[in-house]
Amino acid sequence: MSLLEAKNVSKRFGGLKAISDVSFTVRPGEMCFIVGPNGAGKTTLFNLITGVFHPDSGSIHFEGRPITNLSPDRAAKLGIGRTFQIVKPLRNLTILENVMLGAFLRTSSPAKAEQEAIKVLKFLQMEKVLHLPARGMGLPMLKRLEIARALATKPKLVLLDEVVAGLPTSEAIQLAMLLKRLPEWGISAIGGIEHVMQVVMRVADRVMVLDHGMVIAEGLPQDVVHRPEVIEAYLGSKYKEIVA
């Protein structure tokens with residue numbers, strides 16, 4: 001059974017059709033990446049999955065149950081976590097305290113929340129900063145904090161929205177190799193990425209390419225990047241450097 005299944009999902013904002021008849025599935029333990037230029041519809045699709053918006057048409061199922069009209073808090077409790085493009089930690093709290101807030105979704109015990117938060121922070125190689133305030137942290141560490149807060153909710157599926165945007169290539173790849181281990185935790189992932197195809201090529205089991213809200217290609221990353229429609233709409237003439 002698919003973990004997540006979207007069928008013919010569409011969403012319009014006024015005269016703009018942000019998502020147009022999109023269908024896809026995510027299997028348990030799969031790392032799926034949605035790529036496309038800015039404005040392609042990646043974040044809108046994430047918002048539809050997590051209940052921020054509801055589709056105008058189509059359906060979304062998670063573990064076989066309909067979630068098309070679910071609220072964000074209910075989606076989180078079912079096991080759908082997410083990160084956001086713009087990282088907004090509680091800067092007066094420590095790194096550990098920020099992550100504990102996510103863990104409180106599953107427990108009311110501060111001790112258990114701290115235990116879960118520490119486990120996640122160790123996985124993301126953040127032990128040295130866990131007692132430091134979020135204020136003053138650089139972007140690479142804040143990106144990891146955003147992921148940590150999502151993982152602390154113990155999701156079955158996590159949506160990673162532009163999770164390596166703004167990072168140097170070396171840092172992005174280092175973080176991507178940690179994310180590649182998420183299936184070891186029983187977590188599937190959908191990553192939304194605009195530019196960093198090196199990450200996609202190293203991590204993704206499957207890639208879906210969005211352009212103006214429509215799926216123009218889907219398949220193995222090494223196959224998708226060579227398709228003429230993907231090169232024309234997204235990769236451009238530099239694609240050879242990306243897949244070299």
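Listing for the model above:
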| item | result |
| --- | --- |
| Selection count, segment 23-52, where residues are over 22 Å from residue 196 (Cβ atoms) and either crowded, with 17+ Cβ neighbours inside 10 Å or hydroxyl-bearing (Ser, Thr, Tyr) (or both) | 5 |
| Residues located in segment 24-37, provided they are in a strand (DSSP E or B) and not hydrophobic (A, V, I, L, M, F, W, C) | 25 |
| Any hit, segment 151-159, residues being at pLDDT 95 or above and in a helix (DSSP H, G or I) | yes |
| So residue 105, is it among the hydrophobic types (A, V, I, L, M, F, W, C) and part of a helix (DSSP H, G or I) | no |
| Residue under evaluation residue 215, criteria (1) under 27 Å from residue 97 (Cβ atoms); (2) modelled with pLDDT of 90 or more, criterion not met | (1) |
| Lone unmet requirement of (1) surrounded by 16 or more Cβ atoms within 10 Å (Cβ to Cβ); (2) part of a loop (DSSP other than H, G, I, E, B); (3) more than 18 Å from the chain's Cα centre (by Cα); (4) of a type in the set (Val, Ile, Thr) for residue 87 | (3) |
| Those residues of segment 125-163 which are surrounded by fewer than 21 Cβ atoms within 10 Å (Cβ to Cβ) and either closer than 16 Å to residue 79 by Cβ or of a type in the set (Ser, Thr, Tyr) (or both), in sequence order | 154, 156 |
| Any hit, segment 4-23, residues being part of a strand (DSSP E or B), within 18 Å of residue 191 (Cβ to Cβ) and among the hydroxyl-bearing types (Ser, Thr, Tyr) | no |
| Every residue from segment 108-142 that is of a type in the set (Gly, Ala, Ser) and farther than 11 Å from residue 96 by Cα | 108, 109, 111, 136, 138 |
| Conditions (1) modelled with pLDDT under 90; (2) touching a helix residue (DSSP H, G or I) at 6+ places or on another chain (Cβ under 9 Å); (3) under 18 Å from residue 126 (Cβ atoms); (4) assigned to a helix (DSSP H, G or I); number of the one not met by residue 145 | (1) |
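Yes or no, residue by residue, for (1) of a type in the set (Phe, Trp, Tyr); (2) out of contact with any Lys or Arg (no Cβ under 9 Å at 6 or more places or on another chain); (3) assigned by TED's automatic domain parsing to the domain that holds residue 221; (4) modelled with pLDDT under 95:
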residue	(1), (2), (3), (4)
33	yes, no, yes, yes
43	no, yes, yes, yes
47	no, no, yes, no
50	no, no, yes, no
55	no, no, yes, no
59	no, no, yes, no
62	yes, no, yes, no
69	no, yes, yes, yes
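The values are calculated or read from the model by the stated rules, or taken from the named source; none is laboratory data. Predicted, not measured: the structure shown is a model, and the values here were computed from it. Positions of Cβ are backbone-derived with ideal geometry, glycine not excepted, and every protein chain shown enters the neighbour counts.
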